[in-house]
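Engineer: Following this message is one structure expressed as structure tokens.
The values are calculated or read from the model by the stated rules, or taken from the named source; none is laboratory data. All of these numbers come straight from a predicted model, not from anything done at the bench. We place every Cβ from the backbone using ideal geometry, glycine too, and count neighbours over all the protein chains shown. Surface areas here come from the heavy atoms of the whole protein model, side chains and all, with no ligands, DNA or RNA. Shrake-Rupley method; radii C 1.70, N 1.55, O 1.52, S 1.80 Å.
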Amino acid sequence: MSELTGRARAYIIAVWIAAAGILIGYAFLQRIADFGVLLMLCALGALAQIFRVRGATESSSYELNWVIYGFALVTYGGLTTIIIAIVGYIAEFLWRREPWYIYAFNCGAYVLTVVAADLARMFITGGLPANEWRHIAGVIAAIGVFTLLNHLLVGIVLWLARGEKLRVSGVFNRLTIFLDLALIGLGAAGA
């Protein structure tokens, strides 16, 4: 992490601290899927994470695991989705052996992203049954919050760490945004 600028290191550490604090409190409010389902979703998420598709730029990729995240978020809630994401990043780290802080940042970013998306969904649905229009609106809001917040967090770290402005990094490229919306939406629709 020493090759990063001070601002990049500070941002990464701030994401870790925020994610850890939020996750500790959030874990008490959520339940997780039963162990067999969780194990299966973690395995699928890890495989999708390892065998990702390269994106429009050198530093971007299309995350097929977003289909699994969308399914898990709608079906089991945020804590299960966070566990799946963290297991996927651990598997990818063991597979690729790239710098550890990249995976640690991504885990922290996903904690923040998933919690924000889940809270948006819960705020809109208000615990209503699945056949109500609010449930659909809540899922759509969660998909939007998940995608946009994730892209923003990644875009900021690329700007601070590599000097890549959002336009250069391709993080907010229309195709990238729409593809990620479609992937997580596919998983949510499957739920």
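Engineer: Somewhere in segment 34-41, is a residue of a type outside the set (A, V, I, L, M, F, W, C) and either surrounded by fewer than 16 Cβ atoms within 10 Å (Cβ to Cβ) or without any contact (Cβ under 8 Å) to a residue 24 or more places away in the chain (or both)?
Structural biologist: yes
Engineer: Say we look at segment 53-68 and pick out the residues that are surrounded by fewer than 21 Cβ atoms within 10 Å (Cβ to Cβ) and in a loop (DSSP other than H, G, I, E, B); which of these is modelled with the highest pLDDT? Outline the logic, then answer.
Structural biologist: Taking segment 53-68 and keeping what is surrounded by fewer than 21 Cβ atoms within 10 Å (Cβ to Cβ), we get 53-62, 64.
Then drop every residue that is not in a loop (DSSP other than H, G, I, E, B), which leaves 55-60, 64.
Numbers: Gly55: 64, Ala56: 60, Thr57: 59, Glu58: 59, Ser59: 54, Ser60: 59, Leu64: 87.
Here the residue is Leu64.
Engineer: Please give the helices (runs of 4 or more DSSP H) falling wholly within segment 85-170 in which 3 or more residues are touching a Pro at 6+ places or on another chain (Cβ under 8 Å) and either surrounded by 17 or more Cβ atoms within 10 Å (Cβ to Cβ) or on the phi < 0 side of the Ramachandran plot (or both).
Structural biologist: none
Engineer: If you don't mind, there's one more thing I want to ask. Look through Leu179, Leu175, Leu183 and report the one residue that is in a helix (DSSP H, G or I), surrounded by fewer than 20 Cβ atoms within 10 Å (Cβ to Cβ) and modelled with pLDDT of 85 or more. Can you show your working first?
Structural biologist: On the way: Leu175 fails: modelled with pLDDT of 85 or more; Leu183 fails: surrounded by fewer than 20 Cβ atoms within 10 Å (Cβ to Cβ).
Answer to the selection: Leu179.
Engineer: Only one residue in Ile82, Ile22 is under 21 Å from Ile156 (Cβ atoms) and open to solvent by 50 Å² or more (accessible area, probe 1.4 Å), so which one is that? Working first, answer last.
Structural biologist: Numbers: Ile82 fails: open to solvent by 50 Å² or more (accessible area, probe 1.4 Å).
It is Ile22.
Engineer: Residues Ile13, Ile68, Ile86: which one is closer than 17 Å to Asn150 by Cα and in contact with a Cys (Cβ under 7 Å, 6 or more places away or on another chain)?
Structural biologist: Step by step, each of Ile13, Ile68, Ile86 is checked, and only Ile86 is closer than 17 Å to Asn150 by Cα and in contact with a Cys (Cβ under 7 Å, 6 or more places away or on another chain).
Engineer: Within the set of pairs 6+ apart or on separate chains, which have a first residue in segment 79-99 that is without any contact (Cβ under 8 Å) to a residue 24 or more places away in the chain, a second that is open to solvent by less than 20 Å² (accessible area, probe 1.4 Å), and C-beta atoms under 6 Å apart?
Structural biologist: Phe93/Tyr103
Engineer: Here is a follow-up. When the residues of segment 1-19 are narrowed to those that are over 13 Å from Val157 (Cβ atoms) and open to solvent by 50 Å² or more (accessible area, probe 1.4 Å), which ends up modelled with the highest pLDDT?
Structural biologist: Going through the qualifying residues, I end up with Ile17.
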